[in-house]
Structures are given as structure tokens and as C-alpha cells.
Amino acid sequence: MIDVLEEQETGIKLDSKAPEGPLAEKWAKHKFNLKLVNPANKRKYEIIVVGTGLAGASAAAALGELGYNVKAFCFQDSPRRAHSIAAQGGINAAKNYQNDGDSVFRLFYDTIKGGDYRARESNVHRLAEVSVNIIDQCVAQGVPFAREYGGALANRSFGGSQVSRTFYARGQTGQQLLLGAYSALSRQVANGKVKLFPRTEMLDLVIEGGKARGIITRNLVTGKIESHSGHAVLLCTGGYGNVFYLSTNAMGSNVTAAWRAHKKGALFGNPCFTQIHPTCIPVKGKYQSKLTLMSESLRNDGRVWVPKTKEIAEKVQKGEIKAKDIKEEDRDYFLERRYPSFGNLVPRDVASRNAKNVCDEGRGVAASGLAVYLDFADAIKRDSKKVIEAKYGNLFEMYEKIVDEDPYETPMKIYPAVHYTMGGLWVDYNLMTNVPGLYALGEANFSDHGANRLGASALMQGLADGYFVIPYTLGDYLATIGPADKIPTTHPAFKDAEQTVNDTISRMLSIKGDKTAEEFHRQLGHIMWEYCGMARNAEGLAKAKKMIQDLRKEFWTNLRLTGSDMELNPALEQASRVADFLELGELMVDDALNRNESCGGHFREEYSTEDGEAKRDDEHYTYVAAWEYKGPNQPEKLHKEMLKFETVKLTQRSYK
Amino acid sequence: MNIALKVWRQKNSQTPGKMVDYKLSDVSPDMSFLEMFDVLNEELSHKGEEPVAFDHDCREGICGMCSMYINGRPHGPETGTTTCQLHMRSFNDGDTIVVEPWRARAFPVIKDLVVDREAFDRIIQAGGYVSVNTGSAPDANDILIPREIADEAMDAAQCIGCGACVAACKNASAMLFTAAKISQLAVLPQGHAEHQLRAERMVAQMDAEGFGACSFTGACSVECPKSISLDHIARLNREYLGAKLASNNA
Ligand SMILES: Cc1cc2nc3c(=O)[nH]c(=O)nc-3n(C[C@H](O)[C@H](O)[C@H](O)COP(=O)(O)OP(=O)(O)OC[C@H]3O[C@@H](n4cnc5c(N)ncnc54)[C@H](O)[C@@H]3O)c2cc1C
Ligand code: SF4
Ligand code: FES
């Protein structure tokens, strides 16, 4: 069955290209049906890869190995520093090395269910299938995964999954996977197949004749605006969680590449699907620049609680008493109480929402009242301090460095924070956007996690897309267009796009107002968190929409920028990213307003059950919302890709 | 807290730089060092002066981007800590803090506290990988690797490529960085086939980039935020010597 939605009005046709046939055979069959590029012809193609995180580095390396000419871009000073480096917990794969009942189908099923049935079956099954190849590949590269004494790979269970399928390298799995991909990339640089462009930011996409033709970049050191032409453009530019200002993302993570492609015609899928991670270090002061994640694995041993009453909580907030002064019977282990079968291991969205609720009731701890305890006392009593230290030593150390409290002695204080964006550019089964020749990989696309992502599956998706999907699907497009189908950078399409980029930068520099990009960003983040964060309602969203519009207007009349465009100018980089966040924010609000249901990370207060659980509306919302840009300050147009479930039955998620 | 800062300001690689004094009041001990710089930069912007350029991204000690030379020490006074993980509680009210970029011939200053570390990428490109193509790997558990070996590889692999080792070394040597990668791959069976060639090529590249010689003083390991051990340099030397002997005999 092919999911096709025809749009009579605008002519955009959303075709998921999901292959027909039994679920488990779709990918194999599809691979066989894809056209191949003759080996001798591969060197005649130029591929632009924007981003060198897990998705971009693996794609660039794999395409270089095949013989394509690749240009790889990143805004950091080295590809090795992409935000993927910060992932801590691990990567899933359906290896079933533990003989505990895992399988490709189970990983597929968990991911679809965890995503609250808002992802495509075909994509998710493929992800589960190739997950096993990823681990093989990474081990062959020398990624030092954790091992048992006998030398076999070790696994842990993660994020509430019932099987142990997570591979990890201490608390630095993302680092080790990225360094593996970076080493493969470096090998292709040495082979002359990949050319690197670090400290270079993509600022526009060039489309001509209906196809993606290349990109416009700014050299962040010299400020020079440049054109790059290619046969295809791959956006591997990560997520947009920083629209909330405070998030666990790296400071530079941004939406600019995806957003500018969106403004050129690429549809944006499910923008409001945001993941709020339950275990982060709470906000401390107004100078706070980012939030630090404490790995989810801590919930395997830590117990989450707050005081039973508001009165006791107030004493904690005022600093009159401490956690240890609160008697056992005055503590509310609210996750264990509400979800007896999953307890502290409920999925992220559920854990986050419950933490918010108890804090909203006034039972939060810390001076701000915006924190809950994550307590290891029982685990230490049960297993000894040594065992806990071996498992979480580096995390405890990191916590102590930031908070200046010893988590072996006193419970950690945690609070939810923005962590991941499931939404992103709409792509078909081939990872191609609706713009021919434009692809989106990794967190930048919307594809595999539905309305909520399970722990340890973003790393899996990034590497699946880059190592094992795009090398096949890209060839099909290239073989169709042929090597001659490319335009030079002297083409007016490039010159016009360069001009637009230059004009936008000059415009920002000429405002000479009073408010820095940083201040606008903080203000936007506050609006998003307040009204489009963990819980949303129609009234609040409508208010947020107006506030964002006003803030955007103010940005373009009152921005304060120092320095010039022809030099390294971090403030200018930030302003240009904030300008895009100010547009994206409104679309997220529109999307959240449109979706009159609660699913995964999207919780609409109006759509909940009596005991406050999310209420999905499968009858009306089993679709991907793909938004089309219609011009500055114009409402975007909604396209729907209906999701068809041939294999799984939609059920209400329950972790009780 | 009140803090006085002396910060290296340099417009670009062609212009000579100088130390400039700034004063900050109301600094909270819970601020990170970089958040203190954020506050300074906001103040400068509002005064119409240009903010101080510095490298940073993850702000949790893993990307290796932050790189400030603080009071004569790379990443400041705490051991095992990157600049972004350093907090103002490590300083006292009224302190004067001197902040400079990494100083090394192979790391030219781009602007203020930002330096060019692409030499590190080129060292990795010279051989810091296992030559395996995507899709041709055997099952991951076909290669059993004893836990001690995996742990040893992981100890070396933790390097974040920040360059503090170079900044700490009086010869601006990149031995610790280079050794960490050579050592990680040399102890693993996957990397063993190419171990000699790798050592030879990476060391040659390191020399070509203009990093100094290693005189084994150990300053690098002390200042390394990931406490990468000097043992890796010893292993590199063995690998390199072995490679030289092998190629001389060939
Ligand atoms: C703290 C933390 C911990 C996490 N832990 C886990 C975990 O344990 N397991 C898991 O599965 N997932 C985890 N995740 C999620 C996961 O790390 C990310 O989703 C994933 O790494 C994203 O990879 P990516 O390749 O899509 O993008 P990124 O790694 O974000 O890379 C983006 C790249 O794009 C470049 N770029 C962006 N914009 C531009 C532009 N305009 N021009 C040029 N270049 C640009 C950047 O320079 C960078 O190279 C974690 C996330 C965080 C924040
Ligand atoms: S060895 Fe240590 S100091 Fe040197 S680059 Fe690696 S992490 Fe930084
Ligand atoms: S900013 Fe990433 S290590 Fe300091």
C-alpha cells in the first residue's frame, strides 16, 4: 500500500514511497529495486553533506568509500565536535546477545509504541533491521564498547525497555561513536574523496528547475559568503531544541539549515513534537546558559520522590530542612505510586509530566521549587557504594562539579529539560524531502520516533541513516538524473541566493537597536517553555503566538549587534540563528494548536483522561503534519501524510 | 563576588594582540567560567564594545571546543576539568584572573581567545583510523576482546582533542594527543594490522605541523582534562621505534 496524499490546490504531492509487501521484506525488496550508479560514474557526482554529527559523518564517510566526491560542512572548528559527541547513555541494537527475547520485531514494536503510533511502520522496521549492522561496523572501527570479562560485548537495559539491548562506552557513547565515524571520515579526507569545510555555516539552499542544486555558506572566520554546487544536498544538521533557549543541546545547535530549506519549499514535519527529558540538573540562576543532562540510566537505581505535603516542601525550599530530615512516611515516591509496574522506569514523557505536576502542586524541592529528588540511598544500602560508583561514578562526579553537592550523601535534585526534537524536515522512505535532491538525515528529519523517542535510539537512527540507508537511496536519485544534471555556481540561482544572504546580514547589522540576540533568545525560550513546553492548551498557545509575533517584530527593529560581517563574529552567528528560531517558534505553536490530542511529548491539557494521562485521538490525528511555508508572516499550509498501520494494532499506552 | 579580568584581545591573525582589563561585579559562585564570560560579553555589547570571542559548544566537558589559558594553566586551576566545567567557586572574591588563548606555533590565533586547531584533524587524517569500509564488518562478537584491553582502549579514546596538552607543554608538543589515538587502536585487535604504519604516519604529520619534541616532563598529562596517562606516550614510542626498525629492515 502506498501512502499518497494529493493536494489539488498547491500541487504538492506527499508520497512516502513506503514499499509494498510484508513489513520484514520491504527494505530488502526496495534495495533491490533501487537504481545503481555505475562504479566508474560515481566520481562524476558531487555530494554536499551539511553537518558532521553521527548522521553527517557516517554519510560522508560511506559515500566517500563508494567513490562519490563529498564536501562536508560544520560550524565547529572540527567535525569531531558535533553535538552527537555529548550523548551519554548508549545505542540500541536488536542483537539479542543477552538471549533475553529481543528481536528486530521487538525493537520495531517498542519504537512504534514508544512513539505513540505517530511514526511510519516501514521506516521504523528498517531502522530496527540495520541496527545490528551498526554495532558490527562500529566495533570494526575500534569503538571501545563496554565488555564482559569473557570479552563479549556488554549490554544494559535503558529507558524502560524490558530487554537489555543498549550498547555503551562508559558514559560517553556518543563521543566514541562519533569519533568512530570521524575516523572513517578522516580516512576519506586522506583518500581525497571528502573535502572538509569546518567553521562554515550553511545559510541558504539553492533550488533551480525544481531540484536542490547546492548551498550558500558563510566562512565564519573571514565572513566570506560562498556558493557550493552539487548533485544532491544532505542536511544532517541536528535538532532545534535550542528554540527553548535552555536545553541539553550544545550552545551552537540550531535550526538554520533546515529552516532556510523549509523557506525554500521543503515541508517541516511535526514541528511541535519535542522531547523533555526528566533527569536534568535544575536551573540555578538567571545567567544560566544551558542545562546538563543526567543520564537516564540513573533511573535504574535512583528513586524519584518529593515531600508528601506542600508544607514540608516549603520548608525545604526555604532551606530550613534537608532531604534527610524528611521521614519515610512523609515522602511521596510518585512514579512508583502511580505506575506500580514500571515505577521509576516509565518513559520520558510520562516521568517529565509527573515531575512537573508535583512541582505545580507546590511540592517541588530546591529554592525555586522546581526540582524533585532522585535518591540513591536505597540502592547504596542494597548494592554498596562501590557498586553504585562503578555504574555511575562519572555522572555523580559531573553532578558534584556543577551543583557542589555529593549525590552519595544527599539525593540529587533533578528537573525536566528540553532534550530532543522528534519533528524535523519531512522525508520519504528514501530520506528525501519533497524537494528532489534534498535529503535530511539524523535528528534533522522527522522520520522514526513519532511523538516520543525512546532512549538510545537517536544514535541508532543517525548511524542507520548515514551508514546504511543513504548509500542506497541516494544512488537511485543520482542514477535517475545523471552526472550532467548540475549547475555551476556562476548560475543566477546561486548569485540571487548569495545576494539574499548578504542582504539579511546587512539588515541585521544596520538595525543598531538596544537588545542583544542573547536577550531575544532568552525571551523566546521563556515563551516556548511556558506555553509550548511540557503541557499545552489552546488558550496559552494562542497567547504565545501573539507574543512570538511581537518579539519577532521587535527583533527586526531593535536588535543590537556589534562588529562587522567580514570577520569572526559570534554575536552575528547567534543573531542569524535566533532570527530563524523566532519564525520556527510560531510554527511549533501552530502545529501544537492544530493537534487536538495528546500524544507522546505533545500533551494538550484539554485532551487528557480523568487521572491526567494523555488521550490520543487516532480517528482524527493519525497523520504526520507537514507544513508548507507560504511567505513572510503568512500562515503556513498544512499537508497530511496519513499513517497506515498494517502490522501493529493501535492501543493506548499504559505503564500502570 | 567581584572579579578583575585581564583578557587577551586580538582582532585577527594579522594584528598584534594585547591584554585588556575588565571588571565584573555580582559574579555568582555557581556560575560557570564561560557563563561569567557571557555576562561580560553582554555588558560589552551594551556599551557598544565588541564581545570577547572564545570557542565553546557543549559546555559539558566533552566536545573539546573550549580552550582558555587561565592564570597560566590550560583550563584553569582544577584538575580533570575543562574550561566550561570550571565554576567561579574555584576563585575568590576580589581575584584578578588572567585569560589567554592556547599558545603554540601550530595553533595560530584566529581572534581573541580562538585558535586554529586543524593541525589535530590532519594528524588523525594521517592514520588515526582502522581501514574498514562500511558494510564489510564481521559480527561484532566474532572478535572477543578481554575487558582489561577494552578498558585500556577506552582510557585512551577519551581524549577530547582540546589541545590543552600542547598549551601546557613548554615545547608545544602534541605527543599526548597523538599517542592517545595510536595507543587506543594499537591495543585493539581491529587496529593491530596497521599499527606500525599508523604510528609512523601520524608522528610524521605531527612533526610537519610544527609541534615541538616531547621531553617527557609530564605537564601535558597533569593538565589534560581527561587525565590521559603518560603510559600512552611510552607505547607510542615503542610503536614508533618498532615501525622504524621494520621499515629500515625492509
Ligand atoms: C546531552 C545529550 C545526551 C544524549 N544522549 C543520547 C543517548 O544516550 N542515546 C541516544 O541515542 N541519543 C542521545 N541523545 C540524542 C543524540 O545525541 C542526538 O539526537 C544525535 O546525536 C543527533 O545527531 P545528528 O548527527 O543528527 O546531529 P548533530 O550531532 O547535532 O550534528 C549536527 C551537525 O550539523 C552541523 N550544522 C548544524 N547547522 C549547520 C549549518 N547551518 N551549517 C553547517 N553545519 C551545520 C553541526 O556543525 C554538526 O556538525 C542525546 C542528546 C543530548 C543533548
Ligand atoms: S590528550 Fe588531553 S589535553 Fe590533549 S587533546 Fe586530548 S584531552 Fe585535550
Ligand atoms: S565547551 Fe565542550 S568541552 Fe567545553
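The values are calculated or read from the model by the stated rules, or taken from the named source; none is laboratory data. Because the structure is predicted, anything quoted here is derived from the model rather than measured. Neighbour counts are summed over all protein chains in view; Cβ atoms, including those assigned to glycine, are modelled from backbone coordinates with ideal geometry. When the accessible area is computed, the model is the full protein with side chains, heavy atoms only, and any ligands, DNA or RNA have been set aside. Shrake-Rupley method; radii C 1.70, N 1.55, O 1.52, S 1.80 Å.
The conditions of being under 17 Å from B:G80 (Cβ atoms), within 16 Å of ligand 3 (Cβ to nearest atom) and touching a helix residue (DSSP H, G or I) at 6+ places or on another chain (Cβ under 7 Å) are not met by B:C220. Note on region A:450-552: enclosed helices (runs of 4 or more DSSP H) holding 2 or more residues that are without any contact (Cβ under 8 Å) to a residue 12 or more places away in the chain are A:492-511.
Could you tell me whether B:D38 is in contact with a Gly (Cβ under 8 Å, 6 or more places away or on another chain), within 13 Å of another protein chain (Cβ to nearest Cβ) and modelled with pLDDT of 95 or more? No: the conditions fail for B:D38. Checking the structure you have, find out if any residue of region A:423-440 is away from ligand 1 (no atom under 16 Å from the Cβ) and β-branched (V, I, T). Yes.
Which of the following residues is crowded, with 21+ Cβ neighbours inside 10 Å and either farther than 25 Å from A:I548 by Cα or more than 22 Å from the chain's Cα centre (by Cα) (or both): A:R595, A:R604, A:R616? Unique residue meeting the criteria: A:R616. If the condition is being more than 26 Å from A:S564 (Cα to Cα), out of contact with any Leu (no Cβ under 9 Å at 6 or more places or on another chain) and surrounded by fewer than 21 Cβ atoms within 10 Å (Cβ to Cβ), then region B:48-82 contributes B:N71, B:G72, B:R73, B:T79, B:G80, B:T81.
Filtering region A:286-300 down to residues that are in a loop (DSSP other than H, G, I, E, B) and open to solvent by 20 Å² or more (accessible area, probe 1.4 Å), which residue is nearest to the other protein chains (Cβ to nearest Cβ)?
A:Y287
Name every residue in region B:56-68 that is farther than 15 Å from A:L291 by Cα and either out of contact with any helix residue (DSSP H, G or I) (no Cβ under 6 Å at 6 or more places or on another chain) or facing another protein chain (nearest Cβ under 8 Å) (or both), in order of residue number. Answer for region B:56-68, where residues must be farther than 15 Å from A:L291 by Cα and either out of contact with any helix residue (DSSP H, G or I) (no Cβ under 6 Å at 6 or more places or on another chain) or facing another protein chain (nearest Cβ under 8 Å) (or both): B:C63, B:G64, B:M65, B:S67.
In summary, A:G51 fulfils each of the numbered conditions (1) open to solvent by 40 Å² or more (accessible area, probe 1.4 Å); (2) assigned by TED's automatic domain parsing to the domain that holds A:I225; (3) closer than 23 Å to A:F446 by Cβ with the single exception of condition (1). Within region B:160-191, being facing chain A (nearest Cβ under 9 Å) and under 27 Å from B:Y69 (Cα atoms) holds for B:I160, B:G161, B:K181. The numbered conditions (1) under 23 Å from the mean Cα position of the chain (by Cα); (2) over 22 Å from A:K290 (Cα atoms); (3) away from chain B (no Cβ under 14 Å); (4) more than 10 Å from ligand 1 (Cβ to nearest atom) are all true for A:V243 except (2). The residues in region A:61-95 that are touching a Ser or Thr at 6+ places or on another chain (Cβ under 9 Å), away from ligand 3 (no atom under 16 Å from the Cβ) and within 11 Å of chain B (Cβ to nearest Cβ) can be counted, and the count is 6.
Considered as a group, the residues in region A:249-281 that are within 14 Å of chain B (Cβ to nearest Cβ) and surrounded by fewer than 24 Cβ atoms within 10 Å (Cβ to Cβ) include one that is nearest to ligand 1 (Cβ to nearest atom), and that residue is A:G252. Within region A:512-527, restricting attention to residues that are over 11 Å from A:L551 (Cα atoms) and more than 12 Å from chain B (Cβ to nearest Cβ), the residue that is nearest to the chain's Cα centre (by Cα) is A:G525. Within region B:203-238, the set of residues being under 17 Å from B:M154 (Cβ atoms), away from ligand 2 (no atom under 11 Å from the Cβ) and surrounded by fewer than 19 Cβ atoms within 10 Å (Cβ to Cβ) comprises B:D231 only. Among residues that are more than 24 Å from A:V589 (Cα to Cα) and either open to solvent by 20 Å² or more (accessible area, probe 1.4 Å) or in the same structural domain as A:A626 (by TED's automatic domain parsing) (or both), A:K486 is included.
Only one of the numbered conditions (1) within 26 Å of the chain's Cα centre (by Cα); (2) surrounded by 17 or more Cβ atoms within 10 Å (Cβ to Cβ); (3) not hydrophobic (A, V, I, L, M, F, W, C) is violated by A:E530, and that is (2).
Which one of these is assigned to a loop (DSSP other than H, G, I, E, B), open to solvent by less than 10 Å² (accessible area, probe 1.4 Å) and either among the aliphatic types (A, V, I, L, M) or within 16 Å of ligand 2 (Cβ to nearest atom) (or both): A:D116, A:D77? Sole residue among the options that is assigned to a loop (DSSP other than H, G, I, E, B), open to solvent by less than 10 Å² (accessible area, probe 1.4 Å) and either among the aliphatic types (A, V, I, L, M) or within 16 Å of ligand 2 (Cβ to nearest atom) (or both): A:D77. Among the candidates A:D136, A:D110, the residue that is open to solvent by 10 Å² or more (accessible area, probe 1.4 Å) and within 14 Å of chain B (Cβ to nearest Cβ) is uniquely A:D136.
Scanning region A:144-165 for residues that are within 11 Å of chain B (Cβ to nearest Cβ) and basic (K, R) turns up just one, A:R147.
Taking B:S136 as the residue in question, decide whether it is over 30 Å from A:N394 (Cβ atoms), at the interface with another protein chain (Cβ under 9 Å from one of its Cβ atoms) and at pLDDT below 95. Yes: the conditions hold for B:S136.
Here A:N155 meets each of (1) over 21 Å from A:S297 (Cβ atoms); (2) more than 12 Å from ligand 1 (Cβ to nearest atom) with one exception, condition (1).
Within region A:147-184, being hydrophobic (A, V, I, L, M, F, W, C) and surrounded by fewer than 24 Cβ atoms within 10 Å (Cβ to Cβ) holds for A:A152, A:L153, A:A154, A:V163. The residues of region A:619-636 that are among the charged types (D, E, K, R) and open to solvent by 40 Å² or more (accessible area, probe 1.4 Å), listed by number, are A:E619, A:K630.
Considering only residues in region A:186-215 that are in a strand (DSSP E or B), charged (D, E, K, R) and open to solvent by less than 40 Å² (accessible area, probe 1.4 Å), the one that is farthest from ligand 3 (Cβ to nearest atom) turns out to be A:R213.
Looking at region B:83-125, which of its residues are among the hydroxyl-bearing types (S, T, Y) and either crowded, with 20+ Cβ neighbours inside 10 Å or more than 14 Å from every other protein chain (Cβ to nearest Cβ) (or both)?
Answer for region B:83-125, where residues must be among the hydroxyl-bearing types (S, T, Y) and either crowded, with 20+ Cβ neighbours inside 10 Å or more than 14 Å from every other protein chain (Cβ to nearest Cβ) (or both): B:T83, B:T96.
Note on region B:56-69: residues that are closer than 18 Å to B:A168 by Cα, within 13 Å of ligand 3 (Cβ to nearest atom) and either more than 12 Å from the chain's Cα centre (by Cα) or not in a loop (DSSP other than H, G, I, E, B) (or both) amount to 0. Do we have A:L582 as within 24 Å of A:A261 (Cα to Cα), free of Cβ contacts under 8 Å to residues at least 60 places away in the same chain and among the aliphatic types (A, V, I, L, M) here? No; evaluated as a whole, the condition is false for this residue.
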